[in-house]
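Chemist: Attaching a single structure in structure tokens format; questions to follow.
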Amino acid sequence: MPQDQKLPIPQPSTSSKNPIFNFLVQFLVIAVIFFAIGFAVGQRRIEVVKKGFVPQISVTNQLPPKNQNIDFSLFWQVFETLPQKYIDKSAFEGQKLLYGAISGMVRSLGDPYTAFLDPKQNEAIKADLSGIYEGVGIQIGFNKDKRLVVIAPLSGTPAQKAGVRAKDLILRIDERDTFDLTLPEAVDLIRGPAGTSVKLELLREGQDKPIEKEIERAKISVKSVEVEFKNGNKGEVAVIKVSRFGDKTDSEWDLAVEDILAKNVEGVVVDMRNNPGGLLSSAVHLASDFIRGTVVKQEFADGRVESLAADHEGKLLKIPLTVLVNAGSASASEIFAGAIQDANRAKIVGEKTFGKGTVQDVVDFAGGSGLHITIAKWLTPKGKSISAVGITPDTIIEFPLQDEEEQKEDPQLNKALEILNK
């Protein structure tokens, strides 16, 4: 291009003469500048907030219940000091603090079966009663030393297939020691999505060294009542396996009874082995088919004793009966066995039961949380408490533990059938 040639000076377009267009351009430029400044200041402010922010938690319904003379000043001092001084400000969540405080209050009673449940824990417990949940399939509780223990593995579940046994102490769940866990907390740790795994460190009765079992969780859907028919001397014998006392147990039991009546069997074996219990009302319902009168008694804190009687006229009152129990038979299954034994209705066969002799009431609160609270001791119809003692069978038959998983013969069931065939 020749040096003396001048470039034409561009002429402003018609749009540049438009005042609205100029305003928009200026506005955008200013907005970009302020955004850049705001972003830089905001980054710095986030750092300051993280270092110096004190969480503000508003509290409603602060008044204590009537007739409660408690000085809550220490509680409020701690409640105010924690967010001011604790290093991780993001850890503070008002609802979580409330649940933790309530759980600690309930735990101070020293009763492992009295527990506060947050909404997630409460939902898990209710799923257990429905018989459908995701986990490994064990019912857990506490022994007389208040150690976390397996009450029973449910039949056909991952826990049973892995060789978990009744009365195994649970020392660790994954990396968590269990010595200070509540029952809902332990349930939370063991359960989880199907396909994931949980590691349990167990101490077996009579052994010195713990064993470790990594168990893959699965969807647990176990029918609570199943019946099969075996050949006896004079005809068929019905064997009813009751794995727990849940929401559907009564209806499943009633259907099984109809099958039994239609078959005109010569006897019935009720198998309560590894039945960790459940609903008290369901234990009364099942026992009512075999006995009349009192099924169980409840002794309350004021010394008052109430009797719970059979809830219907039994359909199997005269049919020969034996009942199977073992160390995994607890709570409602012990109520059933105790009622049968006290009424001299049938022989109890197997091993001494677990010995859970208290009754828990369930209180649900708004928002989904709940409270399981021990309200009474339960007694057999003759007034015997089985708490931490259990029920001793009329005929004791030990199940060989060393090869229980591969055991093809069932000496306890064989004995129950033998008694019926006499």
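Taken together, the values in this text are just the output of simple stated rules run on the coordinates, not laboratory data. Remember, it's a predicted structure, so these values are computed and weren't measured experimentally. All Cβ positions, even for glycine, are placed from backbone atoms using ideal geometry, and neighbour counts span all protein chains on display.
Chemist: Against the globular-protein guess of 2.2 N^0.38 Å, express the Cα radius of gyration of region 225-421 as a ratio, rounded to two decimals.
Modeler: Expressed relative to 2.2 N^0.38 Å, the Cα Rg reads 1.03.
Chemist: Can you tally the lysine pairs in region 252-373 where the Cα-Cα distance is under 17 Å and the two residues are eight or more apart, or on different chains?
Modeler: Qualifying lysine pairs in region 252-373: 4.
Chemist: Let me ask something else about it. Multiplying the sequence separation of Met105 and Glu409 by 0.36 nm and subtracting their Cα-Cα distance, what value in nm do you get?
Modeler: Taking 0.36 nm per residue and subtracting the Cα distance, the gain is 104.5 nm.
Chemist: Using the per-residue mean of other Cβ atoms lying within 10 Å as a proxy for protection, in what order, highest first, do the peptides 324-331, 106-113 fall?
Modeler: 324-331, 106-113
Chemist: Calculate, in nm to one decimal, what Lys89 and Glu214 gain on full extension: separation in residues at 0.36 nm each, minus their alpha carbon distance.
Modeler: Full extension from Lys89 to Glu214 adds 41.4 nm.
Chemist: If you place +1 on the Cβ of every Lys and Arg and -1 on the Cβ of every Asp and Glu, how big does the dipole about the Cα centre of region 115-221 come out, in debye to the nearest 20?
Modeler: Value, rounded to 20: 340 debye.
Chemist: Whole-Hz Karplus ³J(HN,Hα) for region 260-265, in order, using 6.51 cos²θ - 1.76 cosθ + 1.60 and θ = phi - 60°, x for Gly and Pro?
Modeler: Whole-Hz 3J(HN,Hα) from phi for region 260-265: 5, 5, 5, 7, 6, 6.
Chemist: Using alpha carbons only, how many angstrom separate the centre of region 106-160 from the centre of region 212-256?
Modeler: Using only Cα atoms, the two centres lie 20 Å from each other.
Chemist: Ok, one more. Sequence-distant or interchain residues sharing an amide H contact under 5 Å with Ile220, placed H: which?
Modeler: It is Tyr133, Glu134, Gly135, by chain and number.
Chemist: Pull out the extension gain between Lys263 and Phe365, defined as 0.36 nm times the separation in residues minus the alpha carbon to alpha carbon distance; nm, one decimal.
Modeler: Working it through step by step, the gained length comes to 32.1 nm.
Chemist: A further question on this structure: At Ser130 and Asn421, where each label point lies 7 Å from the Cα along Cα→Cβ, what is the point-to-point distance in nanometres?
Modeler: Between Ser130 and Asn421, the simple spin-label model gives 4.4 nm.
Chemist: Using a/c under 1.5 as the rounded threshold, could you call region 115-221 rounded, prolate or oblate? The axes a ≥ b ≥ c are square roots of the C-alpha gyration tensor eigenvalues, and prolate needs a/b larger than b/c, oblate otherwise.
Modeler: oblate
Chemist: Can you compute the modelled spin-label distance between Phe399 and Arg176, with each label point 7 Å from Cα toward Cβ, in nm?
Modeler: Output for this residue pair reads 2.9 nm.
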